[in-house]
Amino acid sequence: MTDFDNLDAVLSARFSCRAFRGDPVPRADIERIIATAQKVPSWCNAQPWQVIVTAGAETDRFRDALYAAARTTPPAPDMPWPEGYPGIYGMRRRACGFQLYDAVGIEKGDRAASAQQMMENYRLFGAPHVAIITSPKVLGPYGAMDTGGFVSAFCLAAQALGIATIPQAAIAAQAPFVRDHFTIAEDRNILCAISLGYADMDHPANSFRTDRAHVTDVMEWKE
């Protein structure tokens, strides 16, 4: 296989894992993931990302406290949420949600069950590790954009090692709590989390895969 084929295979295999086994990932593997992800390009080579990774009892402490905070505290992200998902973006978002609900047996219109499924974000879907991803506020959206590249590379590097991930913007909704829990400086934006571990492939939440738009839907060719 060519390098391109290998990359495409990893991209094709990656999915957002919503149920993990409890087995911990060796620290050396997590460090390999981060070292590889850091090779992504960034504006002026600023490399603005910083990562806090939990393991063992610290993951459980964070999980329990985060879930309790999310039940009572309104969202307060460091960066504003999207104003909306118009047109095709909303269609893709809804399709993903319906696939998840179908997989786990939630009836369409059952708001209580869908809300409880959403709260699984704050249980980290049972993952044994979570990575908290931040970037400097002074770099604004460009720091966030660079860090988004790091998040993608992190997930791909993990997949290449057989480690499942799910990037979670939902965690950023509890930015004040996360900042206080980990003593994160005020000059950094909490962008997202990545829960990671080994996938529980017997869980129905991991039984579906989302579609991708065709090249002609996203590319406009000029010559």
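Every number in this text was worked out from the coordinates using simple rules, so none of it is lab data. All figures in this text were calculated on a predicted structure; none of them were measured in a lab. Here the Cβ positions follow ideal geometry from the backbone for every residue, glycine too, while neighbour counts run over all protein chains shown.
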Protection-proxy order for peptides 141-150, 157-166, each taking the mean of Cβ atoms within 10 Å per residue, highest first: 157-166, 141-150
Cα-derived Rg to Rh of segment 27-75, Kirkwood definition: 1.14
Near-label residues of segment 30-50 by backbone N, under 11 Å of a point 7 Å along Cα→Cβ of residue 142: 43-46
Net charge of neighbours whose Cβ lies under 12 Å from the Cβ of residue 25, counting Lys and Arg as +1 and Asp and Glu as -1: 0
Using θ = phi - 60° and Karplus 6.51 cos²θ - 1.76 cosθ + 1.60, couplings along segment 77-85 (whole Hz; Gly, Pro as x): x, 5, 10, x, 5, x, 5, x, 10
Estimated dipole of the chain in Debye, rounded to 20 [Cβ of Lys and Arg +1, of Asp and Glu -1, Cα centre]: 300 debye
Options 154, 197, 81, ranked by Cα towards positive dipole end of the chain, top entry (Cβ charges): 81
10 Å binning of all Cα-Cα separations within segment 1-116, expressed as whole percents from 0 upward: 8, 21, 38, 28, 5, 0
Modelled FRET efficiency - R0 30 Å, residue 27 with residue 79, Cβ distances, 0.05 increments: 0.50
Helical segments meeting 24 Å axial Cα length and Kyte-Doolittle 0.5 threshold in the chain (DSSP H): 140-160
Separation in nanometres of the label points that stand 7 Å from Cα toward Cβ, at residue 98 and residue 119: 2.7 nm
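Where a ≥ b ≥ c are the square roots of the eigenvalues of the C-alpha gyration tensor, would you call the chain rounded, which needs a/c under 1.5, or, failing that, prolate if a/b is larger than b/c, or oblate?
rounded
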